[in-house]
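> Pasting in a structure now, in structure tokens, and then I'll have a few things to ask.
The values are calculated or read from the model by the stated rules, or taken from the named source; none is laboratory data. Since this is a predicted model, take the numbers as computed values, not measurements. Here the Cβ positions follow ideal geometry from the backbone for every residue, glycine too, while neighbour counts run over all protein chains shown.
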């Protein structure tokens, strides 16, 4: 059996780790849900809102989106153009990804709610409120600072 003091320390360590990572968990759960339902992709020539493109780039590439250089479509006179046909691998029977997307959407919402509830519970405990606020601020500032470096 584990000593009660050790368990208290483990619980406190778990609490501070959870509070520290809560802002990142909220961000990645939200941006992942948007990407699951393809809100970050250009559809029918309509670009997604800029804020979605930015958080999708941060989620996928850990960087801000880079502007794409304009494509130069210059050909020499008389140059033959060979069409490229995409090759689609045959993996197996096609199935709809929609049920899994719905599950991932619910999982994202559940993860965000769990993180928010953890923050509320930690901030309502008067004995650890100051440490929780400190860890929450540090957990927000550190990833933003690392992104801006």
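> Would you be able to tell me the number of residues in segment 57-68 that are over 30 Å from residue 133 (Cβ atoms) and in contact with a helix residue (DSSP H, G or I) (Cβ under 6 Å, 6 or more places away or on another chain)?
Summing the residues that are over 30 Å from residue 133 (Cβ atoms) and in contact with a helix residue (DSSP H, G or I) (Cβ under 6 Å, 6 or more places away or on another chain) in segment 57-68 gives 1.
> Here's another thing I want to ask about it. Filter segment 15-24 down to the residues that are surrounded by fewer than 18 Cβ atoms within 10 Å (Cβ to Cβ) and either under 13 Å from the mean Cα position of the chain (by Cα) or modelled with pLDDT under 95 (or both) and list them by number.
21, 24
Residue-by-condition table, conditions (1) out of contact with any helix residue (DSSP H, G or I) (no Cβ under 7 Å at 6 or more places or on another chain); (2) under 21 Å from residue 120 (Cβ atoms):
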residue	(1), (2)
1	yes, no
12	yes, yes
15	no, yes
21	no, yes
25	no, yes
29	no, yes
32	no, no
43	yes, no
46	yes, no
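> Further, regarding this structure: For segment 39-48, state whether one or more residues are touching a residue at least 60 places away in the same chain (Cβ under 8 Å), more than 17 Å from residue 140 (Cβ to Cβ) and either in a helix (DSSP H, G or I) or out of contact with any strand residue (DSSP E or B) (no Cβ under 9 Å at 6 or more places or on another chain) (or both).
For segment 39-48, residues touching a residue at least 60 places away in the same chain (Cβ under 8 Å), more than 17 Å from residue 140 (Cβ to Cβ) and either in a helix (DSSP H, G or I) or out of contact with any strand residue (DSSP E or B) (no Cβ under 9 Å at 6 or more places or on another chain) (or both): absent.
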